[in-house]
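K.L.:
Before anything else, here's the structure in question.
The values are calculated or read from the model by the stated rules, or taken from the named source; none is laboratory data. This is a predicted model, so every value here is computed, not measured. Positions of Cβ are backbone-derived with ideal geometry, glycine not excepted, and every protein chain shown enters the neighbour counts. The accessibility values were calculated without ligands, DNA or RNA, using every heavy atom of the protein model including side chains. Shrake-Rupley method; radii C 1.70, N 1.55, O 1.52, S 1.80 Å.
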Amino acid sequence: MNRILIAIFMLVITANSICRGQTKNRWNVYAGGSISHLCETPFAGTDKNYGWGGGAFIGGGYEINYTPHWSLTPRLEFSFDNNGGTLSSKNESFFNNHARWENYWSVSIPINVSYRFSVSDNIGLRIGVGPYLQTVMSGKKYVGIHDSETMVSTVKKESLSGTFDQRFNIGAAGEIVIETKNHLSYGLRVKYPLIKRGWLMNTLTLSVGVGYSL
């Protein structure tokens, strides 16, 4: 993990040094909403797929412009995600329908390489792709509790607890952003984790947001 962070830091410093004096770099902030879907085959019930869960995010970044068209933008982002891991099978218990449901508060470091071009005098289009690092700070899941004395089973939410390997993931993201001359931008994004372990695995997230460049 430390080697990855050092590599990212050196990449940003090198890019900033190369681009200094060529094109104006700028800070930007953004926020928006998201929906997430657990891309797994349900283990119980009649549903063929899990549902979708809503979330939100806010972040900021520093846009390093190589040319008027190409840029590199490292960001820091905070998000709340609901993995949508619920079923609606009437013949299953509440716990079975929610056994894979989880939500997370997390922090991410996305790094986007983008290409932008003008579509009119006042509108530009930016297309970006890149990796991201994400780690879960806290979250919730459903757990089933069975009382052997009363023979009564209950379900409640419980805080996620686990190792760094369960919290951390590396993923890939892509975005399409409409930029305006008044510093505002409007974007669509898709991201997916690549490591097949931990809480974040197999969760596709689609986002829509608005940004402001300083």
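K.L.:
With angles folded into 0 to 90 degrees, how steeply does helix 2-19 sit against the dominant principal axis of the chain? Use alpha carbons for both and round to 10.
P.N.:
So the helix axis and the longest Cα principal axis differ by about 20 degrees.
K.L.:
Turning to a different aspect of this structure: Taking the chain as a Gaussian network, Cα atoms linked when under 10 Å apart, which of Asp81, Asp165, Asp121 shows the biggest mean-square fluctuation?
P.N.:
The residue with the greatest mean-square fluctuation here is Asp121.
K.L.:
Please work out how much length the chain gains when fully extended from Ile58 to Trp27, using 0.36 nm per residue of separation minus the C-alpha to C-alpha distance, in nm with one decimal.
P.N.:
Computed gain between Ile58 and Trp27 is 9.7 nm.
K.L.:
Could you check how much of the accessible area of region 63-118 is carbon and sulfur, as a whole percent, using a 1.4 Å probe?
P.N.:
So the carbon and sulfur contribution to the accessible surface is 66 percent.
K.L.:
Label point 7 Å out from Leu125 along Cα-to-Cβ: which residues of region 59-83 have amide N under 18 Å?
P.N.:
69-71
K.L.:
Just how far, in whole angstrom, is region 47-114 from region 163-181 if you go by their alpha carbon centroids?
P.N.:
Region 163-181 and region 47-114 have Cα centres spaced 8 Å from each other.
K.L.:
For region 102-214, what is the per residue volume of the convex hull drawn over the alpha-carbon atoms, in cubic angstrom?
P.N.:
Looking at region 102-214, the number lands at 124 Å³ per residue.
K.L.:
So which trypsin sites (Lys or Arg not before Pro) in region 88-193 end up in coil per DSSP with only 11 or fewer other C-beta atoms within 10 Å?
P.N.:
Loop-located and lightly packed - Lys90, Lys181.
K.L.:
Output the relative contact order of the chain, whole-number percent, from Cα pairs under 8 angstrom with separation of 6+ residues.
P.N.:
Result for the chain is 19 percent.
K.L.:
Work out the charge dipole of region 74-214 with +1 on the Cβ of Lys and Arg and -1 on the Cβ of Asp and Glu about the Cα centre, then indicate which of Asn83, Asn96, Gly139 is farthest towards its positive end.
P.N.:
Asn83
K.L.:
Using a Förster radius of 35 Å, what is the FRET efficiency between Tyr186 and Ile145 based on their Cβ-Cβ separation? Nearest 0.05, please.
P.N.:
Step by step, r from the Cβ atoms, then E = 0.15.
K.L.:
When the chain is modelled as a GNM with alpha-carbon springs shorter than 10 Å, which of Asn169, Asn122, Asn83 fluctuates the most?
P.N.:
Per the Cα network of the chain with a 10 Å cutoff, Asn122 tops the list.
K.L.:
Using a 1.4 Å probe over the heavy atoms of the protein chains, calculate the carbon and sulfur portion of the accessible area of region 171-214 as a whole percent.
P.N.:
72
K.L.:
Suppose all protein chains stay in the model; what accessible area per residue would a 1.4 Å probe give for the chain, in Å²?
P.N.:
55
K.L.:
Restricting to DSSP H runs of at least four residues, report the calculated mean residue ellipticity at 222 nm for the chain, -39500 (n - 2.57) per run over all residues, nearest 500 deg cm²/dmol.
P.N.:
-3500 deg cm²/dmol
K.L.:
Given 10 °C and 1.306 mPa s, compute D for the chain with the Stokes-Einstein relation, Rh being the Kirkwood radius over Cα pairs; round to the nearest whole µm²/s.
P.N.:
Translational D for this selection: 83 µm²/s.
K.L.:
What is the distance, in nm, between label points placed 7 Å from the Cα along the Cα-to-Cβ direction at Asn91 and at Glu40?
P.N.:
According to this spin-label approximation, the distance is 2.2 nm.
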